[in-house]
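Comments concern the structure below.
The values are calculated or read from the model by the stated rules, or taken from the named source; none is laboratory data. Because the structure is a prediction, the values reported are computed rather than measured. As a convention, Cβ positions derive from the backbone with ideal geometry for all residues, glycine included, and neighbour counts pool all protein chains shown. Heavy atoms of the whole protein, side chains included, go into the accessibility calculation; ligands, DNA and RNA do not. Shrake-Rupley method; radii C 1.70, N 1.55, O 1.52, S 1.80 Å.
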Amino acid sequence: MARLTILEFPDPRLRRVAEPVESVSDRERQLAADMLETMYHARGIGLAATQVNQGVRLLVLDLSEDRNEPKVFINPEIIARSGSQACEEGCLSVPGIYAEVDRADKITVRALGLDGEPFEMEADGLMAVCIQHEIDHLDGKVFVDYLSPLKRRMVEKRLKKQKQRDAEAVA
Ligand code: GNR
Ligand code: NI
């Protein structure tokens, strides 16, 4: 297993649209294991392959308290959605920034598992938010895209300042 580097907004590589996996192989199983290790280390509840610079439609998540219920979705598709909810979102690619986003409240997602077999799952609450957030990453979208242009500029400024401070601290 290996920990991977998480790209940070506004890295243009976060804008790439990921390609479907043609057949699930050891390559995808290794990537999923590395992404889970990366996600657990960063204390996130989800991670999309786009965030670790891999252009394939694969995401991982674990919303359990004990961090022992990893889930892997390959070529995920939302096949039904209903209702709406507003959730305060964060993102490992936008560190330290939190903002409310409106999403569907209930979804049904279809995907392939690590065994290559299709499955369907219903999700609501935070699980539904997380799956929508991760599929957005696979489509080159980041949650700050939903903010007003003004708020988004404030986020960009804050991240730039933080990066400068980080660089000065190392120097
Ligand atoms: O760790 C994460 N927490 C989170 C909280 C509210 C809504 C979405 C998320 S996903 C995020 C991890 C991440 O950036 N996944 O892409
Ligand atoms: Ni994210």
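Structure notes:
- Residue match in the range 84-92 (condition: surrounded by 12 or more Cβ atoms within 10 Å (Cβ to Cβ), of a type in the set (A, V, I, L, M, F, W, C), without any contact (Cβ under 8 Å) to a residue 40 or more places away in the chain and out of contact with any Leu (no Cβ under 8 Å at 6 or more places or on another chain)): no
- Selected residue [part of a strand (DSSP E or B), touching a helix residue (DSSP H, G or I) at 6+ places or on another chain (Cβ under 6 Å), within 12 Å of ligand 2 (Cβ to nearest atom) and open to solvent by less than 60 Å² (accessible area, probe 1.4 Å)] from Val101, Val144, Val109: Val101
- Taking the range 6-53 as the range and being of a type in the set (Asp, Glu) and touching a helix residue (DSSP H, G or I) at 6+ places or on another chain (Cβ under 8 Å) as the test, the residues that pass are Glu8, Asp34.
- Some residue of the range 31-42 being open to solvent by less than 30 Å² (accessible area, probe 1.4 Å), over 18 Å from Val94 (Cβ atoms), in contact (Cβ under 8 Å) with a residue 40 or more places away in the chain and part of a helix (DSSP H, G or I): yes
- Flag if Ile74 is buried (at least 19 other Cβ atoms within 10 Å of the Cβ) and more than 25 Å from Glu117 (Cα to Cα): no
- Among residues of the range 7-30, those that are in a helix (DSSP H, G or I), more than 15 Å from ligand 1 (Cβ to nearest atom) and either small (Gly, Ala, Ser) or surrounded by fewer than 19 Cβ atoms within 10 Å (Cβ to Cβ) (or both), counted: 5
- Any hit, the range 118-138, residues being among the acidic types (Asp, Glu), within 12 Å of ligand 1 (Cβ to nearest atom) and under 21 Å from Arg13 (Cα atoms): yes
- Residue in the range 43-71 that is farthest from ligand 1 (Cβ to nearest atom), counting only those that are part of a strand (DSSP E or B) and more than 12 Å from the chain's Cα centre (by Cα): Val56
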